[in-house]
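The values are calculated or read from the model by the stated rules, or taken from the named source; none is laboratory data. As the structure is a computational prediction, the values presented were derived from the model and not from experiment. For neighbour counting, all protein chains shown are included, and Cβ atoms are generated from backbone atoms with ideal geometry for every residue, glycine included.
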Amino acid sequence: MKPVKITDNIYWVGAVDWNIRNFHGYLTQKGTTYNAYLIIDEKITLVDTVKSSFFDEMLSRISAVVDPSKIDYIVSNHVEMDHSGGLPRLIEAAKNARIITSPNGERGLKAHYKADNWDFAVMKTGDRLDLGKRSLTFVHTPMVHWPDNMVSYLKEDKILFSNDAFGQHIASSECFDDEFPFDIMLEEAGKYYANIVLPYGSQVHKALEALTGLDIEIIAPSHGLIWRSYVPKIVKEYEKWAANETEDMAVIVYDTMWNSTERIAYAIQKAFDDKGISTKMMNLKTNHISDIMTHVLKARYICLGSPTLNNNMLPTVASFLTYLKGLAPKKRIGMAFGSFGWSGQSVGQIEEVLKEAGFELLNKVSIRYIPSEEQLQEVTESLKKQLVR
Ligand SMILES: [Fe+2]
Ligand SMILES: [Fe+2]
């Protein structure tokens, strides 16, 4: 396995996971990478490791550059096991290495690996670690993605090792943003943000503020490709996402039993269409919830529909709603809709959750049995009146 040279004496030595399709519930159609970075200086330093099952791949890449026993420092920016899983075996191979991490990182690694005898050096925000000709500075970025997260900045080469931030789940033999179709990379970066980082907008905002003074030419995340040609672009996108800035766009998410709820969904779409607002129709039978979130990231309007089944919404809708609530998008406008036969609880239940999530609400729509053409027209017209523009 070959390492990839990033700049002089700095190498990507991670692993490519071509086969992973489910990352704790997130559909990763394009696979992913676990990125580890090797810095060759007076002190030989590895930034992050890989998922444990990819340890051998990482070790063979490290070994192509340097004897792993010579590693002095292993920076652990994040405890989650896709980045720390390789640590226990690496410490066997690099017996003299010190683990550089945040206070929560030390606690987390000890809890994960019973690592009381590892040699830890704990870094505060702003602490500098001298590597010889270079130095690493650390900035804590709690909750981007766990309480332990930090990023590491290599001043002399202007590289930010950002861990989960700015990542994308893409498996690729290419390593850099300018070697890969950019629109796909940006979409995957958005999907990653929507499914992993979205609940932590205010922390992302703080992290971005803490990084503003740094001169960054390369962002080297822990998943996917490295940003070197589009750094300002992705930072701008993150600022937008962290601020919950949305576009004039509606996502209409629904499941349907006998197509009545689906017909209401299309009547709702017509209202947005007539108002010149772009829409995405997302039937939960054919779209994965993690793909729907990619659109939710951009959309101002989230319309959610379900018929009533056994006094409840359909399980597919409940599942999406739970996922949406956990990811907590803000500054959105919600709308509940659905058809019913006799009891009709689903629409009220959906609306309740949207309200709890802090969404502004459009009038809900609940229609018994099969909606007539007149009823559907009324749905469209009433919604258009609410979409004042
Ligand atoms: Fe993570
Ligand atoms: Fe990760």
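One residue stands out in region 82-134 among those that are in a loop (DSSP other than H, G, I, E, B) and among the polar types (S, T, N, Q): the one that is nearest to Leu38 (Cα to Cα), namely Asn96. For residues that are surrounded by fewer than 24 Cβ atoms within 10 Å (Cβ to Cβ) and within 15 Å of ligand 1 (Cβ to nearest atom), tally how many sit in region 146-163. Number satisfying all stated conditions: 2.
Here is a yes/no grid of residues against (1) of a type outside the set (Asp, Glu); (2) under 26 Å from the mean Cα position of the chain (by Cα):
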{"position": "Asp291", "(1), (2)": "no, yes"}
{"position": "Leu309", "(1), (2)": "yes, no"}
{"position": "Thr316", "(1), (2)": "yes, yes"}
{"position": "Gly344", "(1), (2)": "yes, no"}
{"position": "Gly348", "(1), (2)": "yes, no"}
{"position": "Leu361", "(1), (2)": "yes, no"}
{"position": "Gln377", "(1), (2)": "yes, no"}
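The C-beta contact set for region 139-153 (first residue touching a residue at least 40 places away in the same chain (Cβ under 8 Å), second residue charged (D, E, K, R) and within 11 Å of ligand 1 (Cβ to nearest atom), distance under 8 angstrom, 6+ apart or interchain) comprises Pro142/Asp148; Val144/Asp164; His145/Glu80; His145/Asp164; Trp146/Glu80; Asn149/Asp164.
Filter region 181-196 down to residues that are touching a Gly at 6+ places or on another chain (Cβ under 9 Å) and of a type in the set (A, V, I, L, M, F, W, C) and give me whichever is modelled with the lowest pLDDT. Only one residue fits best here, namely Ile196.
In region 213-234, the residue that is modelled with the lowest pLDDT out of those that are more than 16 Å from ligand 2 (Cβ to nearest atom) and assigned to a loop (DSSP other than H, G, I, E, B) is Gly213. Of the candidates Thr308, Thr294, Thr322, Thr279, the single residue that is of a type in the set (Ser, Thr, Tyr) and surrounded by fewer than 18 Cβ atoms within 10 Å (Cβ to Cβ) is Thr322. If you go through region 159-196 and keep only what is away from ligand 2 (no atom under 15 Å from the Cβ), of a type in the set (Val, Ile, Thr) and not in a helix (DSSP H, G or I), you end up with just Ile159.
Being farther than 17 Å from Lys325 by Cβ and touching a residue at least 40 places away in the same chain (Cβ under 8 Å) is the filter here, so list the residues in region 193-205 that pass it. Break it down into steps so the answer makes sense when it comes.
Keep residues of region 193-205 that are farther than 17 Å from Lys325 by Cβ, which gives 193, 202-205.
Answer for region 193-205, where residues must be farther than 17 Å from Lys325 by Cβ and touching a residue at least 40 places away in the same chain (Cβ under 8 Å): Tyr193, Ser202, Gln203, Val204.
Screening region 53-67 for residues that are surrounded by 17 or more Cβ atoms within 10 Å (Cβ to Cβ) and closer than 18 Å to Tyr113 by Cβ and picking the one that is farthest from ligand 2 (Cβ to nearest atom) gives Leu59.
When Val79, Val66 are screened for being part of a loop (DSSP other than H, G, I, E, B) and within 16 Å of ligand 1 (Cβ to nearest atom), only Val79 passes. Within the bounds of region 116-136, is there any residue that is within 16 Å of ligand 2 (Cβ to nearest atom), buried (at least 22 other Cβ atoms within 10 Å of the Cβ) and either within 28 Å of Lys5 (Cα to Cα) or among the β-branched types (Val, Ile, Thr) (or both)? Checking region 116-136: not a single residue is within 16 Å of ligand 2 (Cβ to nearest atom), buried (at least 22 other Cβ atoms within 10 Å of the Cβ) and either within 28 Å of Lys5 (Cα to Cα) or among the β-branched types (Val, Ile, Thr) (or both). Of all residues assigned to region 197-207, at least one qualifies as being out of contact with any Lys or Arg (no Cβ under 9 Å at 6 or more places or on another chain), within 21 Å of Pro329 (Cα to Cα) and within 14 Å of ligand 2 (Cβ to nearest atom). The residue of region 68-99 that is nearest to Gly132 (Cα to Cα), among those that are without any contact (Cβ under 8 Å) to a residue 40 or more places away in the chain and surrounded by 24 or more Cβ atoms within 10 Å (Cβ to Cβ), is Ile74.
Going by the conditions given, is Ala115 hydrophobic (A, V, I, L, M, F, W, C), farther than 25 Å from Phe23 by Cα and modelled with pLDDT under 95?
When the stated conditions are applied, Ala115 passes them.
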